Amino acid sequence: MDYSVKSYESLELPQIRHMLAKECQCEESAALAEALEPAGTLDGARRRMKRTSDAVGLITHYGGLDFGGLRDIERLLLLAEQGGSLSPGDLLTVADVLKVSKRVVAYRKNIKTGGDSLSEFFNGVVPNADLEERIVSAIISPEEIADSASPELLSIRRKSRAVAEELRVSLQKIIMSPDKQKYLQEALITVRDNRYVIPVKAQYRGEFPGLVHDTSGSGGTYFIEPMAAVDANNKLAVLRSEEQKEIARILAELSSLVAVAAGSVRSTYKNIIMLDFAFACGRLSFQLDGREPELNADGIIDFVRARHPLLAKSKAVPIDVRLGGAYTSLIITGPNTGGKTVALKTLGLLSLMAACGLHIPVAENSKAAFFKSVMADIGDEQSIEQSLSTFSAHMKNIIAILDCCDRDSLVLFDEIGAGTDPVEGAALAIAILEKVKATGAALAATTHYAELKQYALNTDGVENASCEFDVKSLKPTYRLLIGVPGRSNAFAIAERLGLDGDVIARAGELISADNSRFEEVISKLETARQAAEKEKEHANDLLRQASARKAKAEQEYLGLERTRDALLKDAEKEKERLLEDSRRQISGIMEQLNKLARELDDENARKKVLEAKLAANTGLNRLENEIAERKPVNDHYELPRPLKVGDSVFVTDVNRNGTVQSLPDKNGKLTVIVGNVKMKLEQSSLRLLEGSIGKPKSAGGTSVVRVEAPTRLEIDVRGKTAMETEIELDSFIDNCAMNKVKNFTIIHGKGTGALRAAVAVYLKSHKAVKSYRPGAYGEGEHGVTVVELK
């Protein structure tokens, strides 16, 4: 037999299953949790673990998913497929699955990244909005069908309500009639056998014509249907019958629709169950503060800060457990109640959980070995009924384990060899350990026997471990120490509890010399270890203090850096503000000068106005240049790649952005368009703007270009409004006039002709324009205007 199954209870795996089932929202997924067993292969365990990790990631980034507590629908689908009619409650159960499917699909759409291992389940969820709508619009509750379920049902119910109302009015007249009052037990209308009746006193039964449907328990009241109400009650009965037939027809029709969609609904339901199970594993991981261990087939266990998952986190002492590699067998010793059994169970249960694909309560970078079987002999299994002592019960378990353990097994023995003569028990324990070790199985065992400590010291592949005990406080610390054999500390405990010193001394004399020396060596080792622990802790304290001082110094340095950057930024903003104020003032002056130049007829006066504009521009450029010179510029800038036509660049000479129009000529200069000006520039004065129209961080400056002689004789205003065009032409004509350019072309496009007309109106009123005409053939025709200045 496979002894692993029996070990699940010893290691408390059923309790973990129950915790997982509580996290499930659906009946079937909870059943899957209660039946959870370790995967049969390493790949299977890794697939399960990946699903758990993906569910944790989705819950972390997108929240949980409401699966609505679905019930198993397989029986309902089979009934529908076989031509059966589902009840209203059954149909609503099917509709619930379809509602959840819509939520699942909506949740999936919000996922940007993650959840790859759950994709097959998400993809298998297919909503059926039409079927869901048909069901929920027809059925209000398990007991009520909506009037709107069909036109026929609506018509029948309207007729029923009308007949019932007429009947109530008729009966109301009877019970309110003065000559009938004395016959009535109460002046009310009630129902018996789905027919409206009146309660009549028994002694007046013969005085009140009608049909008797019932009597009271005492016999003092007869429930009589008056003859005047018989026809109306008969009509109601017929209508009720028709209503039930129509309801049955509606349910049959809806059931047939479910039968048609049964395959898709069944698949959707199963995928929802798998998603609910995966998300339950994710929620359990949060509950346990679990992590994904690195699963391996090499038999390497390295649990860092492992906790038993059934112990409260606030009370459990984390332990470090290593097994595999240099040693495949671990002998754990120490006093009673010191934590040996808990350490053993933690090792076994976490290994089982990892094989099940569950996260385990360990620190990051922990490793878990995959075992095909985990077998444990833990606890007192004596049986009076079967005439088994503690020793006999343990032997039966050990025999079963020896029969089936192999290199893919993890074997756990608690107090091996106990319950019999210590000498024989120790010898038997060593022989059993050797037998298990020979199979290649990983092994951990707890014991009090000194012989097993010596066996671990003298045998390759076997390591000692101990549960630490504080003799001064008589309390265990529950820390597991690998490589250190433990002591039972029986004498120390007895002495602290008040046992007579002579008794303790005599007990010491009775211990064999070899055992005494061995225990003394262990005691010295323990003393040296504790001293080393204190030194290590002191060194760690010094390191933490140094790290804290370093972190504080770094924070102070960063604070100074931030303060400096803030001051520089504030100064930069202030310079920009002053410069912007200057621009606005000069812009206002420019507008006034433009207006004045257009109004003056005197050529000398107009010339003086243009000179004043030039002086204003020159002063502004000088101010901008002075600010730019104070800004840091990267003198060692190198282009990340050769420039191409169309690249956006920052021109350091004028502190503006531009676009490369042509590559370097024979003189090494590129043509760059900056605003409305075409410039010939050295490549060293350009900074490539990758994917941005803003300035690079290493470059400073302003967005206003210096006044340069335009080397091209055209301005493109296509796509601009009339007002924007006028502003650009003002600046362009001023620039041309100051640099003695007489002819240029305005590109405005053909379009509707509105912009061409606006340009003509503007040029006609401008004092500096001598003449203008549409473009000739080859010049752009009506898409351009050629201008000549005075």
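Scanning the stretch 242-299 for residues that are at positive phi and within 19 Å of the chain's Cα centre (by Cα) yields one hit, 289. Looking only at the stretch 357-373, residues that are assigned to a strand (DSSP E or B), modelled with pLDDT under 95 and open to solvent by 20 Å² or more (accessible area, probe 1.4 Å) come to 0 in all.
Condition first: part of a helix (DSSP H, G or I), open to solvent by 10 Å² or more (accessible area, probe 1.4 Å) and of a type in the set (A, V, I, L, M, F, W, C). Can you find one or more residues in the stretch 333-342 that meet it? Yes, the stretch 333-342 has at least one match. Screening the stretch 313-325 for residues that are small (Gly, Ala, Ser) and over 19 Å from residue 11 (Cβ atoms) and picking the one that is nearest to the chain's Cα centre (by Cα) gives 314. Suppose we filter 376, 354 for residues that are buried (at least 24 other Cβ atoms within 10 Å of the Cβ), touching a strand residue (DSSP E or B) at 6+ places or on another chain (Cβ under 9 Å) and not in a helix (DSSP H, G or I); which single one remains? Among 376, 354, only 376 is buried (at least 24 other Cβ atoms within 10 Å of the Cβ), touching a strand residue (DSSP E or B) at 6+ places or on another chain (Cβ under 9 Å) and not in a helix (DSSP H, G or I). Within the stretch 303-319, the set of residues being buried (at least 17 other Cβ atoms within 10 Å of the Cβ), at pLDDT 90 or above and either under 14 Å from residue 478 (Cβ atoms) or in contact with a Gly (Cβ under 6 Å, 6 or more places away or on another chain) (or both) comprises 306, 307, 308, 318, 319. Residues in the stretch 310-332 that are farther than 24 Å from residue 417 by Cα and assigned to a loop (DSSP other than H, G, I, E, B): 310, 311, 312, 313, 314, 315, 316, 317, 318, 325, 326. Please work out if residue 165 is more than 22 Å from residue 231 (Cβ to Cβ) and modelled with pLDDT of 85 or more. For residue 165, the condition - more than 22 Å from residue 231 (Cβ to Cβ) and modelled with pLDDT of 85 or more - is not met. Here the stretch 711-739 is the region considered, the condition is being open to solvent by 70 Å² or more (accessible area, probe 1.4 Å) and in contact with a strand residue (DSSP E or B) (Cβ under 9 Å, 6 or more places away or on another chain), and the residue that is modelled with the lowest pLDDT is 711. Say whether the condition of being in a loop (DSSP other than H, G, I, E, B) and under 23 Å from residue 674 (Cβ atoms) is met by at least one residue in the stretch 748-767. Yes, the stretch 748-767 has at least one match. Pairs meeting the criteria (first residue in the stretch 379-403 and under 20 Å from residue 8 (Cβ atoms) and at pLDDT 50 or above, second residue assigned to a helix (DSSP H, G or I) and open to solvent by 100 Å² or more (accessible area, probe 1.4 Å), beta carbons under 8 Å, at least 6 apart or on different chains) are 402/435. The criterion of at least 3 residues that are open to solvent by 30 Å² or more (accessible area, probe 1.4 Å), in contact (Cβ under 8 Å) with a residue 40 or more places away in the chain and touching a Gly at 6+ places or on another chain (Cβ under 6 Å) is met by none of the helices (runs of 4 or more DSSP H) wholly inside the stretch 85-193. Within the stretch 37-62, restricting attention to residues that are polar (S, T, N, Q) and open to solvent by 30 Å² or more (accessible area, probe 1.4 Å), the residue that is farthest from residue 369 (Cα to Cα) is 60.
Scanning the stretch 63-74 for residues that are within 21 Å of residue 357 (Cβ to Cβ) and either among the aliphatic types (A, V, I, L, M) or open to solvent by 60 Å² or more (accessible area, probe 1.4 Å) (or both) returns a single hit, 65. State whether the residues of the stretch 261-271 include one that is more than 30 Å from residue 85 (Cβ to Cβ), of a type in the set (Gly, Ala, Ser) and touching a residue at least 60 places away in the same chain (Cβ under 8 Å). The answer is no; no qualifying residue exists. Looking at 48, 75 in this structure, which one is among the charged types (D, E, K, R), touching a residue at least 40 places away in the same chain (Cβ under 8 Å) and in a helix (DSSP H, G or I)? When all the criteria are applied, what remains is 48. Number of residues in the stretch 414-424 that are closer than 21 Å to residue 350 by Cα and surrounded by fewer than 23 Cβ atoms within 10 Å (Cβ to Cβ): the value is 1. Scanning the stretch 712-747 for residues that are free of Cβ contacts under 8 Å to residues at least 12 places away in the same chain and part of a helix (DSSP H, G or I) yields 723, 724, 727. The condition of being over 20 Å from residue 375 (Cα atoms) and either buried (at least 20 other Cβ atoms within 10 Å of the Cβ) or at pLDDT 90 or above (or both) holds for only one of 427, 431, 444, that being 427. Counting only residues that are surrounded by fewer than 18 Cβ atoms within 10 Å (Cβ to Cβ) and under 26 Å from residue 235 (Cβ atoms), the stretch 194-204 holds 1 of them. Filtered by the rule that a residue be crowded, with 17+ Cβ neighbours inside 10 Å, at pLDDT 70 or above and among the aliphatic types (A, V, I, L, M), the stretch 652-694 gives 660, 670, 672, 674, 679, 681, 686, 688, 689.
The values are calculated or read from the model by the stated rules, or taken from the named source; none is laboratory data. None of the values given here were measured: they were computed from a predicted structure. Reconstructed Cβ throughout: ideal geometry from the backbone, glycine too, with neighbour counts over all protein chains shown. SASA here: full protein model, heavy atoms, side chains in, ligands and nucleic acids out. Shrake-Rupley method; radii C 1.70, N 1.55, O 1.52, S 1.80 Å.
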